[in-house]
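Let me begin by presenting the structure, written as structure tokens, before commenting on it.
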Amino acid sequence: RVQRRNRPCRYDIDQFTPSFMSIFESLVPSDEEISKQKQLLTALSKLINKEWPNAKLFLYGSCANSFGFSNSDIDLCLSIDYKEMSKVDIILKLADILHAGNLQNIQALTRARVPIVKLMDPNTGLSCDICVNNLLAVVNTKLLRDYSQIDKRLRQLAFIVKHWAKSRCVNETYRGTLSSYAYVIMCIHLLQLRGILPCLQEMDPTCYVTVDNNTCAYFDQVDRLNSYGARNKETVSKLLWTFFHYWAYQHDYTKDVISIRTGRIISKHMKDWTRRVGNDRHLICIEDPFETSHDLGRVVDKRSIWTLREEFERAANILQYDPNPSVTLFEPY
Ligand code: ATP
Ligand code: MG
């Protein structure tokens, strides 16, 4: 591993960029799909506002953060100020409203960690999950989308990483691997270190949102930053190599935390993430940009960490040696 830390990238890596780009293109949702999502948001908002005029429905997650694949489910968040009702009561009432509005396959999951209502809309054929008052997710969705507008390589890299993670079954938080959200943060972090993305939370803030006494502030005038990364000319295939090489051979799993909030690597020691606390083992440490006590790697356990690291090594080696990396990388697990 020591030797591989400084292994130079194969000289012909760039020849694979067109094939990785065509994989990216094949995963991007069509304009038609995006307009169907908007149509569903409008229809559901109308229905809900009849009962709760002051409530507001937000899109969040992959359909709003620009990292969504075609045909992915839609995540919606209902923002409602209704002190007489508990979250579970709101979920149950919401399920009734949706029933009356002829939506289908309605399920109220009131005992999940994040309670949601699931539904299918027969007009658009789309499925979605609605949660209640999860505004931090709405804010981190905007942060991710803002980053994606600075340099187009972020979206390309993250799509390919997510596609790899889904193909290799390492995008399953219930089995101890990482969420899509965590993978996107890992990509942002890499591009910050390469000088392709700035650190928006370290710049003078232009956007402030207070969520549960926590102020989320950052520079969001990203249209002023669209030549930020231009000096770095690395291709997507080179960045993909760097990503997997970093997680396979360079990241110090015993000491390091990646942090897009600071645009740096910070120490586990400083965050007191050096030992297991409750169920949080901190075996791979990815700091949430706003909820900084939250390690997005906390789902990873002592078995799944090895699954993950073996997959990072497999991917790094394919990108280094395989004659056809844009095929082999995504072979089903
Ligand atoms: P996919 O295409 O796989 O559905 P996704 O972008 O919707 O990807 P998820 O991991 O399903 O990603 O998460 C949905 C949203 O929920 C994220 O965009 C983020 O706003 C929020 N989220 C997910 N996991 C966390 C977490 N651990 N901490 C805070 N917010 C999270
Ligand atoms: Mg999702």
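If you go through segment 279-328 and pick out every residue that is of a type in the set (S, T, N, Q) and within 21 Å of ILE185 (Cβ to Cβ), you end up with 5. Once segment 175-198 is narrowed to residues that are open to solvent by 20 Å² or more (accessible area, probe 1.4 Å) and not in a helix (DSSP H, G or I), the residue that is farthest from GLN250 (Cα to Cα) is SER179. Go through (1) touching a helix residue (DSSP H, G or I) at 6+ places or on another chain (Cβ under 7 Å); (2) away from ligand 1 (no atom under 16 Å from the Cβ); (3) closer than 23 Å to ASN226 by Cα and name the single condition LEU154 misses. With respect to (1) touching a helix residue (DSSP H, G or I) at 6+ places or on another chain (Cβ under 7 Å); (2) away from ligand 1 (no atom under 16 Å from the Cβ); (3) closer than 23 Å to ASN226 by Cα, LEU154 is out only on (2). Every test in (1) closer than 25 Å to GLU313 by Cα; (2) open to solvent by less than 20 Å² (accessible area, probe 1.4 Å) is passed by VAL222 save one, and that test is (1). Among the residues of segment 171-188, those identified as within 11 Å of ligand 2 (Cβ to nearest atom) and in contact (Cβ under 8 Å) with a residue 60 or more places away in the chain are SER179, SER180, TYR181. Taking the conditions exactly as written (closer than 30 Å to ASP151 by Cα and exposed (fewer than 14 other Cβ atoms within 10 Å of the Cβ)), does ASN54 satisfy them or not? Here the answer is no, as ASN54 does not meet what is asked. Residues that are β-branched (Val, Ile, Thr) and at positive phi within segment 116-173 are absent altogether.
Residues are listed down the side, and each one gets a yes or a no for (1) polar (S, T, N, Q); (2) modelled with pLDDT under 95:
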| site | (1), (2) |
| --- | --- |
| GLY125 | no, yes |
| LEU143 | no, no |
| TYR147 | no, no |
| GLN156 | yes, no |
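Close Cβ contacts (under 7 Å, 6 or more residues apart or on different chains) running from residues in segment 199-226 that are among the aromatic types (Phe, Trp, Tyr) to residues that are open to solvent by less than 50 Å² (accessible area, probe 1.4 Å) comprise TYR208/ALA217; TYR218/LEU143; TYR218/LEU200; TYR218/GLN201; TYR218/CYS207; PHE219/LEU200. The number of residues in segment 145-164 being outside any loop (DSSP other than H, G, I, E, B) and of a type in the set (Asp, Glu) comes to 1.
The values are calculated or read from the model by the stated rules, or taken from the named source; none is laboratory data. Please read these numbers as outputs of a predicted model, since none were measured by experiment. Glycine also receives a Cβ, built like all others from the backbone with ideal geometry; neighbour counts cover every protein chain displayed. Ligands, DNA and RNA are stripped out before the accessible areas are found, and what is left, the full protein with its side chains, is counted by its heavy atoms. Shrake-Rupley method; radii C 1.70, N 1.55, O 1.52, S 1.80 Å.
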